[in-house]
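Down below is the structure, laid out as structure tokens.
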């Protein structure tokens, strides 16, 4: 069972939900302020899963996730590389996904193939969306072991549109919106690194781990079961 480090502070505001989701899955979860990790990068050696929650890190100045990404790059580049070489896993949700995208964490050599831009309707979006799980996702990453079909998750963002930045193919997308809700390339809702260990997505599974949180009851139990499996898979 992996020990989980969840970042908090400096505008991050979904850390409690993410801690709860991993704790419900049976994980040992610790919260640490971003500044504490930046001061002591060696803290990462005690963990096997790093989780970056949603929110508005550093007020989304410059662009969403940019400042936190640069701080992590400057202070933790070596430690993050060693962390991944030890079979560490990383999860980035919403703003956490934006941070990972700015880091180029999903592309070999850190050369970004995509970025996350403003929704094509130019509005902050707060709604639930249906997503399809790619049939091959289960074989591509431990995060999706045994998962198939669809997920129903809340989305709440203004800069969540996946935009290609080069002629290179995008990283593998395990999740796609059933409908085009923000202009995201190929309706992409989340991506995986080539080794399947780094997973980033714009929707928020951590706030949908209980049936009473769902806006409708139809298939809520099945949906919750899949969401909990996702978090258990991350810990395995």
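Only the coordinates and a few stated rules stand behind these numbers; no lab work does. Keep in mind that what you see is a predicted model, and the values were worked out from it rather than measured. Cβ placement follows ideal geometry from the backbone for every residue including glycine, while neighbour counts extend to all protein chains displayed.
Distance between the C-alpha centres of the stretch 1-24 and the stretch 116-154: 20 Å, rounded to the whole angstrom.
Across the stretch 96-173, Cα pairs under 8 Å and at least six residues apart give a relative contact order of 38 percent.
By other beta-carbon atoms within 10 Å, ranking 19, 163 with the fewest at the front produces 163, 19. As a rough footprinting exposure proxy, the listed residues 29, 207 were ranked by other beta carbons within 10 Å of their own, and the order from fewest upward is 207, 29. Using all pairs of distinct alpha-carbon atoms, the Kirkwood hydrodynamic radius of the stretch 48-187 works out to 15.9 angstrom.
How large is log10 I(q)/I(0) at q = 0.10, 0.13, 0.16, 0.17 Å⁻¹ when the Debye formula is applied to the Cα atoms of the chain, each weighted equally and without solvent? For the chain, the Cα-only Debye profile gives -0.40, -0.71, -1.14, -1.32. The stretch 80-115 and the stretch 174-236 have Cα centres lying 18 Å from one another.
Here the sum of -39500 (n - 2.57) over DSSP H runs of 4 or more residues, divided by the residues of the chain, equals -8500 deg cm²/dmol at 222 nm, to the nearest 500. In terms of overall dimensions, the C-alpha atoms belonging to the stretch 150-236 reach 43, 31, 18 Å along their principal axes, ordered largest to smallest.
Maximal additional length on extending the residue 186-residue 81 stretch stands at 34.8 nm, based on 0.36 nm per residue less the C-alpha distance. Sorting 1, 202, 8 by the number of Cβ atoms found within 10 Å of their own Cβ, with the fewest placed first, yields 1, 8, 202.
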